[in-house]
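Q: Below is the structure I would like to discuss, written out as structure tokens.
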Amino acid sequence: MAESEIERIYRLREELHTHNYNYYVLNAPVISDMEFDRLMRELQDLEAKHPEVADMNSPTMRVGSDISNDFVQVEHKYPMLSLGNTYSEEEVTEFYERVRKSLNEDFEICCEMKFDGTSISLTYENGKLVRAVTRGDGVKGDDVTNNVKTIRTIPLVLKGDNYPQNFEIRGEILMPWDVFEALNREREAREEPLFANPRNAASGTLKQQNSSVVASRKLDAYLYYLLGDNLPCDGHYENLQEARKWGFKISDATRKVKTLQEVFDFIKYWDTERKNLPVATDGIVLKVNSLRQQKSLGYTAKSPRWAIAYKFQAEKALTKLQKVTYQVGRTGAITPVANLDPVQLSGTVVKRASLHNADIIAGLDLHEGDMVYVEKGGEIIPKITGVDVSSRIPGSKPVEFITHCPECGEPLTRFEDEAAHYCTNEDSCPPQIKGKIEHFISRKAMNIEGLGPETVDLFYQEGMIKNAADLYELREQDIARLERFGEKSAQNIMAGLEASRQVGFERVLFALGIRFVGETVAKKLARSLKNIDALMSATEEELVAIDEIGEKIAESIIHFFSSEKNRKLVERLKQAGLKMEMAPEEVSAASNVLEGQSIVISGVFAVHSRDEYKELIEKHGGKNVGSISKKTSFILAGENMGPSKLEKAKTLGIKIMNETEFLSLIENAAKSEEKVDLPVETPAAETPEETPKKANPNIQLELF
Ligand code: IVH
């Protein structure tokens, strides 16, 4: 008899769950990708036709949606504890001995990889995933179920029939190395900040508001800890093997051992072998296997007495220094770069490493052709930590720092108290000219759509621009006649330039690229002095009187405006219509009207952007929080507030305030504070990201 559409839906769901498992968990697909996609589309079509049989755990839920997630805080049934850490074999021995003495009977140890991602707790009821919660503070975390459903290695519906009716399983969500690298490459091209490591990328992704973005990021998950009243076995290892049969991805590396020697063998093996794993690991976890014994060992305040983490030493690689090259940043700072024979390090191929400055090179006593040790710390950029002097070629020459700019030939200068060498030929050294314009158009500065480093390079080569002000004198027809450019892209650039005339003074000031005037400093200056004329005529005393402005920054500002060329540049930018003063509403005084209030921002706004509202909230003493909870004071709601947020606000009885109400609230508050003549404070200090001594991290990132 012919199958009904409803029957077909059920069968397709079952089949697709199995194919998903075969493909993602076992890495052993039995049908082609095309066939898989065809079945998925068939199911999507049928489900659209039959909403009466909708299922939150259907395989079609894996694609995510554009509906904005709000993350409700959920209390963990069992707190999520951390593990005691050790870096030494002695401490592993001490752990083993402690356990032995305390138990006074035979015991087994389950050895596992310590995955370096973000931890997750999954709750299953009757074989279905019902909730996924992040670690949060260990007591409560964020409900990220919608996002987690897009992770293909996490089963939505379990296989088999011997799983407990209710249980939790915990594990690590990871971004595989190859996905991480591809993502960072894309972000670099879009001038978005890079993720420092796959762990940050995974946790950042998991907190995405939009689950279809999560679906596109190809996260993976390994599970390593079961909790519940009716687990099948007393052995942790045995329970994990059962969980594997239910469809979970359990690491193949997991082993059960008896002796300390076997523990050390495991550690030794994986210390090197982990480099071949597709995901990041940072150690080994040792767990007493029997749940009964775990219970008898118990917990300290923070971590179990039955488990310990042994962390690997930061990974090092030995490779040959080919040559040292030098990069010139927009400020003229010279960064030496070690070009290396390509070498595998923590899952990526390293070809270059920053040498930072001449002192570092001298400190390493680096010679040409040396074999060098490269390490990757928490950062993306690897560094050279040492030289293998024993393999040095006799007679090789020490690396000497260059004396002249590699781009324009200008003799280099080293300022007092500074580690870097500089090329001071700012007016005609090409990377400095282009670098300044690139900074000017960058996302956090003027954010000019349609322009990027390549376009800047081309316009510069063509003699069309030499500084930022020249951009505003470009003509559409001049751009359109260039090869690679059509009318459409010329129009886009013109529109991008036009739109940048609306960018606020704070960002215009940042865009000027004055040394040591980063985003935060630019904000402080703009809010305090209100316009460019006041800044240009400010004395050093006036400048250092501003919160967080020190001598070094003050000197740099004065130096910048003492140059005729810079003053002319500002004048031309002013003529071009850029904002050179704070708008009246930006100047409006701060108040304490929102003190102690937690405010959720939701929806689309007409007057200000969400970021601007966040700033306004902070300026008036409030705190912007991401998700609605009982503690939320009110919701600042724009158009199209997400239906689930609206629903939740209603349930919890939380006030919803629209844009106009909010703006009049803070305006009135600011006015009344002015009347009583309260000192007008600059907003609470943000983390100062710009300290003169530190190299600008952006400059370094440009390198790689
Ligand atoms: S067991 C009570 N096993 O390490 C013990 N944790 O510092 C629960 N982690 O937050 C954790 N790999 O995110 C366990 N095989 C593993 C692990 C592991 C990574 C992480 C986890 C946890 C942290 C503990």
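The values are calculated or read from the model by the stated rules, or taken from the named source; none is laboratory data. Given the structure is predicted, the values throughout are model-derived calculations rather than measurements. Cβ atoms come from the backbone with ideal geometry, glycine included; neighbour counts cover every protein chain shown.
Condition check ((1) crowded, with 20+ Cβ neighbours inside 10 Å; (2) charged (D, E, K, R)) across all residues:
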| site | (1), (2) |
| --- | --- |
| Leu240 | yes, no |
| Ala243 | yes, no |
| Ser251 | no, no |
| Arg274 | yes, yes |
| Leu297 | no, no |
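Q: In the stretch 210-231, which residue that is assigned to a loop (DSSP other than H, G, I, E, B) and surrounded by fewer than 16 Cβ atoms within 10 Å (Cβ to Cβ) is farthest from the ligand (Cβ to nearest atom)? Let's see the steps before the verdict.
A: Kept after step one, since they are assigned to a loop (DSSP other than H, G, I, E, B), are these residues of the stretch 210-231: 217-219, 228-231.
Subsequent filtering for residues that are surrounded by fewer than 16 Cβ atoms within 10 Å (Cβ to Cβ) retains 229-230.
Values: Asp229: 17, Asn230: 20 Å.
Per the stated criteria, the residue is Asn230.
Q: OK, next. For the stretch 608-625, name all the residues that are within 13 Å of Glu659 (Cβ to Cβ) and charged (D, E, K, R).
A: First pass over the stretch 608-625, keeping only residues within 13 Å of Glu659 (Cβ to Cβ): 608-610, 612-613, 616-617.
Arg610, Glu612 - these are the residues of the stretch 608-625 that are within 13 Å of Glu659 (Cβ to Cβ) and charged (D, E, K, R).
Q: Taking the options Ser627, Ser633, Ser644, Ser609, name whichever one is touching a Phe, Trp or Tyr at 6+ places or on another chain (Cβ under 7 Å) and of a type in the set (Ser, Thr, Tyr).
A: After ruling out the rest, the residue left standing is Ser627.
Q: Ok, one more. Only residues that are under 14 Å from the mean Cα position of the chain (by Cα) and either free of Cβ contacts under 8 Å to residues at least 24 places away in the same chain or within 13 Å of the ligand (Cβ to nearest atom) (or both): list them for the stretch 168-181, please.
A: Of everything in the stretch 168-181, those that are under 14 Å from the mean Cα position of the chain (by Cα) and either free of Cβ contacts under 8 Å to residues at least 24 places away in the same chain or within 13 Å of the ligand (Cβ to nearest atom) (or both) turn out to be Leu174, Phe180.
Q: Identify the residue in the stretch 498-520 that is in a helix (DSSP H, G or I) and in contact with a helix residue (DSSP H, G or I) (Cβ under 6 Å, 6 or more places away or on another chain) and, among all such residues, is surrounded by the fewest Cβ atoms within 10 Å (Cβ to Cβ).
A: If we filter the stretch 498-520 for residues that are in a helix (DSSP H, G or I), which is where we start, we get 498-500, 505-511, 519-520.
Restricting the remaining residues to those that are in contact with a helix residue (DSSP H, G or I) (Cβ under 6 Å, 6 or more places away or on another chain) gives 505-506, 509-511, 519.
Numbers: Phe505: 25, Glu506: 20, Leu509: 27, Phe510: 27, Ala511: 26, Glu519: 16.
In this case the residue turns out to be Glu519.
Q: Could you give me the residue pairs with C-beta distances under 6 Å whose first residue belongs to the stretch 278-297 and is hydroxyl-bearing (Ser, Thr, Tyr), whose second residue is more than 11 Å from the ligand (Cβ to nearest atom) wherever it lies, and which are 6+ apart or on separate chains?
A: Cβ pairs passing all conditions: Thr281/Arg274; Ser290/Asp234.
Q: Return yes when Thr348 is surrounded by 20 or more Cβ atoms within 10 Å (Cβ to Cβ) and in contact with a helix residue (DSSP H, G or I) (Cβ under 9 Å, 6 or more places away or on another chain) and no when it is not. Lay out the reasoning, then the answer.
A: Details: surrounded by 20 or more Cβ atoms within 10 Å (Cβ to Cβ): no; in contact with a helix residue (DSSP H, G or I) (Cβ under 9 Å, 6 or more places away or on another chain): yes.
Answer is no for this residue.
Q: Within the stretch 263-276, does at least one residue satisfy the condition of being assigned to a loop (DSSP other than H, G, I, E, B) and either of a type outside the set (S, T, N, Q) or in contact with a Cys (Cβ under 7 Å, 6 or more places away or on another chain) (or both)? First the steps, then the outcome.
A: Going residue by residue through the stretch 263-276, those that are assigned to a loop (DSSP other than H, G, I, E, B) are none.
No, that holds for no residue.
Q: Here's something else I'd like to know. Identify, from the list Ser602, Ser627, the residue that is of a type in the set (S, T, N, Q), in contact with an Asp or Glu (Cβ under 9 Å, 6 or more places away or on another chain) and at pLDDT 85 or above. Give the steps one after another, and end with the answer.
A: Numbers: Ser627 fails: at pLDDT 85 or above.
After applying the criteria, what remains is Ser602.
Q: Pull out all pairs, ordered by first then second residue, where Cβ-Cβ is under 6 Å, the residues are six or more apart or on different chains, the first lies in the stretch 98-119 and is of a type in the set (Lys, Arg), and the second is surrounded by fewer than 22 Cβ atoms within 10 Å (Cβ to Cβ).
A: These pairs meet every condition: Lys114/Asp282; Lys114/Val285; Lys114/Ala309.
Quick grid of which residues meet (1) of a type outside the set (Gly, Ala, Ser); (2) away from the ligand (no atom under 16 Å from the Cβ); (3) under 30 Å from Glu418 (Cα atoms):
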| residue | (1), (2), (3) |
| --- | --- |
| Val279 | yes, no, no |
| Val288 | yes, no, no |
| Leu297 | yes, no, no |
| Ile308 | yes, no, no |
| Ala314 | no, yes, yes |
| Leu321 | yes, yes, yes |
| Val324 | yes, yes, yes |
| Leu345 | yes, yes, no |
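Q: Specify which of the listed residues (Arg515, Arg527) is closer than 23 Å to Gly435 by Cα and not polar (S, T, N, Q). Lay out the reasoning, then the answer.
A: On the way: Arg527 fails: closer than 23 Å to Gly435 by Cα.
Going through Arg515, Arg527 in turn, the sole match is Arg515.
Q: Go through the stretch 320-340 and report how many residues are surrounded by fewer than 20 Cβ atoms within 10 Å (Cβ to Cβ) and touching a Pro at 6+ places or on another chain (Cβ under 7 Å).
A: 2
Q: Out of the residues in the stretch 142-152 that are away from the ligand (no atom under 16 Å from the Cβ) and not β-branched (Val, Ile, Thr), which is farthest from Tyr87 (Cα to Cα)?
A: Taking the stretch 142-152 as the starting set, the residues that turn out to be away from the ligand (no atom under 16 Å from the Cβ) are 143, 145-147, 149-150, 152.
Then keep just the ones that are not β-branched (Val, Ile, Thr); that gives 143, 146-147, 149, 152.
On the way: Asp143: 33, Asn146: 37, Asn147: 34, Lys149: 35, Arg152: 34 Å.
Only one residue tops the list, namely Asn146.
Q: Filter the stretch 598-607 down to the residues that are assigned to a loop (DSSP other than H, G, I, E, B) and closer than 13 Å to Phe662 by Cα and list them by number. Give the steps one after another, and end with the answer.
A: Taking the stretch 598-607 and keeping what is assigned to a loop (DSSP other than H, G, I, E, B), we get 603, 605-607.
Selection gives Phe605, Ala606, Val607.
Q: Something else now. Would the stretch 481-495 turn up any residue that is of a type in the set (Val, Ile, Thr), over 32 Å from the mean Cα position of the chain (by Cα) and over 16 Å from Leu569 (Cβ atoms)?
A: For the stretch 481-495, residues of a type in the set (Val, Ile, Thr), over 32 Å from the mean Cα position of the chain (by Cα) and over 16 Å from Leu569 (Cβ atoms): absent.
Q: With assigned to a loop (DSSP other than H, G, I, E, B) and within 29 Å of the chain's Cα centre (by Cα) as the only criterion, which of Ala314, Ala338 stands out? Break it down into steps so the answer makes sense when it comes.
A: Details: Ala338 fails: assigned to a loop (DSSP other than H, G, I, E, B).
Going through Ala314, Ala338 in turn, just one is assigned to a loop (DSSP other than H, G, I, E, B) and within 29 Å of the chain's Cα centre (by Cα): Ala314.
Q: Can you name the condition, by its number, that Gly136 falls short on among (1) at pLDDT below 95; (2) on the phi < 0 side of the Ramachandran plot?
A: Gly136 satisfies every listed condition except (2).
Q: Here is a follow-up. Can Val257 be described as farther than 23 Å from Ala28 by Cα, buried (at least 18 other Cβ atoms within 10 Å of the Cβ), modelled with pLDDT under 95 and of a type in the set (A, V, I, L, M)?
A: Here the answer is no, as Val257 does not meet what is asked.
Q: Follow-up. Within the stretch 370-416, which residues are surrounded by 15 or more Cβ atoms within 10 Å (Cβ to Cβ) and under 18 Å from Pro342 (Cβ atoms)?
A: Hits for the stretch 370-416 are Asp370, Met371, Val372, Tyr373, Val374, Glu375, Lys376, Ile380, Ile381, Pro382, Lys383, Ile384.
Q: Scan Leu578, Leu543, Leu529 and give me the residue that is under 26 Å from Gly496 (Cβ atoms) and under 35 Å from the mean Cα position of the chain (by Cα).
A: Values: Leu543 fails: under 26 Å from Gly496 (Cβ atoms); Leu529 fails: under 26 Å from Gly496 (Cβ atoms).
Of the residues listed, the single one that is under 26 Å from Gly496 (Cβ atoms) and under 35 Å from the mean Cα position of the chain (by Cα) is Leu578.
Q: So, one more: If I ask for residues that are in contact (Cβ under 8 Å) with a residue 60 or more places away in the chain, more than 19 Å from Thr325 (Cβ to Cβ) and part of a loop (DSSP other than H, G, I, E, B), which ones from the stretch 381-414 would you list?
A: Result: Asp388, single match.
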